[in-house]
Structure formats: structure tokens, C-alpha cells
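For reference, the structure discussed in these notes is given below.
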Amino acid sequence: MKMKPVRRVLYCWGPVTFGSGLWLGCWFGLLVEGSTPGAWALVLVVTASLTAIWSVGWGNAVRYNDTHVSVTNVLITRRVAWQDVVRVRVGKGEGLVIWIRDGRELHSIQYGKSLLGDICGYRTFQRPREILDAAHKKALSQHLGERTNPVRVETTLWWRPPLVTAVVIAASFAFALLLSPAVN
């Protein structure tokens, strides 16, 4: 079953827009300047930077379906069955927290604690909490998924999307260098 993401729009689109502008500027710079010494080093640095920006902005997310909830932070995804979740809450000094039956908590970088959130009461986190809370209640009421003893939190390395992103970015720069005039 496909996981549905819960994302903060500005948290996602801010870095992606900045990264796209950086990519476009670098791409046209390579196209105009040509294959100068050090161009490939620039390509590698910009590719790594854009992949990191994309991973933090777009890759980090809380995802859910009828039976599980998962939290991806940078390259690590933690997934737990809704039946093992006690509650989803937004608390002062905590941000958005998914409490698990055995006392552990899942935190998201996107919905982490912040000084502004502590002052304003995390108003922007309330809608995601409501979405996750509704999915949790639905899973509990319909007995979707199964409770595990002990609680099983699957931890996986989230490496494929960032790798594909890096390859696509590097390939686009290679294309720009191939189209550019050679500089002696």
C-alpha cells in the first residue's frame, strides 16, 4: 500500500526552489564558459550540494498508510505499525511526536522543536497532527495491521531517491559540458 506524505509546504519548496536556481545558474554557466579546468570539480560539488538540499527539503517526511506510519530523517527511515502507536501529539519543546507503546518516540526534522514554535504554540503543526491522528484512530478502530510484541520499529537506509537525484543532476551537467565550447 502506498504511503501518503505529510509535508510542510515551505519547508519542502524553499530548498527545492533554491536548489533549482543554483542548478540552473550552474548549468548555464557551464554552457557559456565551456569545459574549463576545474569544471568537473564544480559539477561534483554542486551535485553533492543539490542532493543534500533536496534530501533535507523534499526527502524528509512523515508518511502513513492504513497500517503503518514512517518518519524519514535525512537518510534513515523508521516505520512502525499504527497498532503500536500510543498517540500523536504536538507539545511545547517537542514539536510533532509519535509516541510508541514501549516508550520510544519518533521525531521528524520537518516537525521538530523550535523556539518560534514554543512561542506560537506550533500552530502550523496542528493540521499534520490531525491528519496523523485520524489515520491512527482509523487503524485502531478497524484493527488494521497487527500489534507486535516487542514493538517492532523497522529502521532502513533511505538511499535510492537521493542516489537517483544525484545521478540525474550530474548527468544534466555532463550534458551541459558536452554542449559547451571547448576552452584551450
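Observations on the model:
- Selection status of ASP102, touching a residue at least 40 places away in the same chain (Cβ under 8 Å) and touching an Asp or Glu at 6+ places or on another chain (Cβ under 9 Å): yes
- Only a single item in (1) under 15 Å from ALA61 (Cβ atoms); (2) of a type in the set (S, T, N, Q); (3) loosely packed, with under 15 Cβ neighbours inside 10 Å is not met by THR155, and it is number (1).
- Just one of (1) within 22 Å of the chain's Cα centre (by Cα); (2) among the basic types (Lys, Arg); (3) over 17 Å from VAL6 (Cα atoms) fails for ARG89. It is (3).
- Counting only strands (runs of 3 or more DSSP E) wholly contained in the stretch 54-126, the ones carrying 3 or more residues that are hydrophobic (A, V, I, L, M, F, W, C) and surrounded by 15 or more Cβ atoms within 10 Å (Cβ to Cβ) occupy 85-91, 95-100.
- The listed residues are ALA171, ALA139, and the only one of them that is over 23 Å from GLY112 (Cα atoms), at pLDDT below 90 and either of a type in the set (A, V, I, L, M, F, W, C) or part of a helix (DSSP H, G or I) (or both) turns out to be ALA171.
- Near pairs, Cβ below 6 angstrom, 6+ apart or cross-chain, from the stretch 14-25 (at positive phi) to any residue that is modelled with pLDDT of 85 or more and of a type in the set (Gly, Ala, Ser): none
The values are calculated or read from the model by the stated rules, or taken from the named source; none is laboratory data. Just so we're clear, the structure is a prediction, and the values are computed from it rather than from any experiment. With ideal geometry, Cβ positions are generated from the backbone for all residues, glycine too; neighbour counts draw on all protein chains shown.
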